[in-house]
Amino acid sequence: MTDYTFLDALREQLARPENQSPHNRFLGIEVVHLEHARAVLRVPYAARLAGNATNGVLHGGVITTVIDSAGGWSVIAALGRRINIATLDLRIDYLKPATPGMAVTAAAHCYKVTRNVCFVRALAYHADRDDPIANCAASFMIKDTTLVQEEATQA
Amino acid sequence: MSIIDALRAARQSRDYRGLGEAMPYIDALGITVTESPQGMLLTLAASSIHVGNPFTQALHGGFIGAFLETAAIVQLILEQDSDSLPKPINITVDYLRGGRVADTRAAARVTKLGRRVANVHASCWQDDPERPIATLSGHFLMS
């Protein structure tokens, strides 16, 4: 199975909201772009998800969640197989508050894959990647390598 | 009620149910805030809406980070008599164990409360506080 057909199938699958994880559905997160080792996700603005009622700025945790999800899908897109992964750690710098009313996009790049751990960089922004809201470095654990082989033989 | 009134009322009455007025995210996610002898305790009732991996039914890692960040902010609200909310500068989250769909708790400890910046450590667990599922360390801007 080449990356191309795997990513095509994954794109089609993730285009349907019912295939998103329950928490991503709750936040309204959608996958807007997938390519090899890269994923771009978007979370719409919602006043109920504000961290501060006075200014309506989204809670930092919403940014963390969309970044973590983008990171996870960039890892799957890099591995070319939908295996079981888990976030090992992530560090986020909040560079500026998100503008109330605007959706937040998270773009993640899985820049290194090893046997057990995958390394990711990610940015969150509104429209302009050069004016980011948050910067992230994260690592993900490949949890079950036997599952990788089982899925590979099935494919 | 303004955010200032909500924070003051919560501190005075030691009843933190109104904190959601200041931080809507707390109510939207179903987080309950109470005070314990060790500090603020955040509780999240078991709910499948926080699942990030439908195959393993594990809680969403990003959401666990969000829960820890909320615990840090709420602890800072308790310790600092300020009319504004602390703003996160950066956070580091370490994931130690997978989170299941179960009651989840978080608490935070302020390591250093400076005039402008606070350093906070937070921990999140399900059954045993000694076996955290994730920890956070972060810097917050106190304005």
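The values are calculated or read from the model by the stated rules, or taken from the named source; none is laboratory data. For clarity, every value in this text was computed on a predicted model and none was experimentally measured. All Cβ positions, glycine included, derive from the backbone under ideal geometry; neighbour counts span all protein chains shown. Only protein heavy atoms, including side chains, enter the accessible area calculation; ligands, DNA and RNA are left aside. Shrake-Rupley method; radii C 1.70, N 1.55, O 1.52, S 1.80 Å.
What to note about this one:
- For the stretch B:83-128, trypsin sites (Lys or Arg not before Pro) are listed when DSSP marks them as loop and at most 11 other Cβ atoms sit within 10 Å of their Cβ; the list is B:Arg115, B:Arg116.
- Spatial separation of Cα centroids for the stretch B:11-35 and the stretch A:95-127, in angstrom: 29
- Residue among A:Leu27, A:Leu95, A:Leu58 with the largest mean-square fluctuation in a Gaussian network model of chain A, springs linking Cα atoms under 10 Å: A:Leu95
- Under 23 Å from the Cα of A:Lys112 - lysines, other chains or at least 8 residues apart: A:Lys143
- For B:Arg116 and B:Ala46, a Förster radius of 51 Å and the Cβ-Cβ distance give a FRET efficiency of 0.85, rounded to the nearest 0.05.
- Residues of the stretch B:3-141: accessible area per residue with a 1.4 Å probe, Å²: 44
- For the protein assembly as shown, the dipole from Cβ point charges (+1 on Lys and Arg, -1 on Asp and Glu) about the Cα centre works out to 380 debye, to the nearest 20.
- The calculated FRET efficiency for the pair B:Arg14 and A:Thr99, based on their C-beta separation and a Förster distance of 30 Å, comes to about 0.30.
- Dipole of the protein assembly as shown, positive end: most advanced residue of B:Ala108, B:Gly30, B:Ser48 [Cβ charges, Cα centre]: B:Ala108
- Taking a straight Cα-Cα cut-off under 16 Å and skipping sequence neighbours fewer than 8 places away in the same chain, the aspartates and glutamates within cross-link reach of B:Lys87 are A:Asp93, B:Glu69, B:Glu79.
- Residues in the stretch B:31-56 occluded by at least 50 Å² - accessible area, probe radius 1.4 Å, against chain by itself: B:Ile49
- Each distinct pair of alpha carbons in the stretch B:3-141 adds a 1/r term; the inverse of their mean, the Kirkwood radius, is 15.1 Å.
- Accessible surface buried once A binds B (1.4 Å probe; total of both sides; Å²): 2500
- Point-to-point label distance, A:Ala127-A:Thr54, nm (Cα→Cβ direction, 7 Å offset): 2.9
- Within the accessible area of the protein assembly as shown (1.4 Å probe), percent carbon and sulfur: 50
- Among A:Pro100, A:Pro44, A:Pro22, the residue with the largest mean-square fluctuation in a Gaussian network model of chain A, with springs joining Cα atoms closer than 10 Å, is A:Pro22.
- For the stretch A:6-154: accessible area per residue (Å², 1.4 Å): 43
- Taking a straight line from the alpha carbon of A:Lys96, these aspartates and glutamates sit under 14 Å away, with near neighbours fewer than eight places off in the same chain left out: A:Asp128, A:Asp130, A:Asp131.
- A compact globular protein would have a Cα radius of gyration near 2.2 N^0.38 Å; the ratio found for chain A is 1.05.
- Within the stretch A:6-154: Cβ-based charge dipole about Cα centre, in debye rounded to nearest 20 (Lys, Arg +1; Asp, Glu -1): 140
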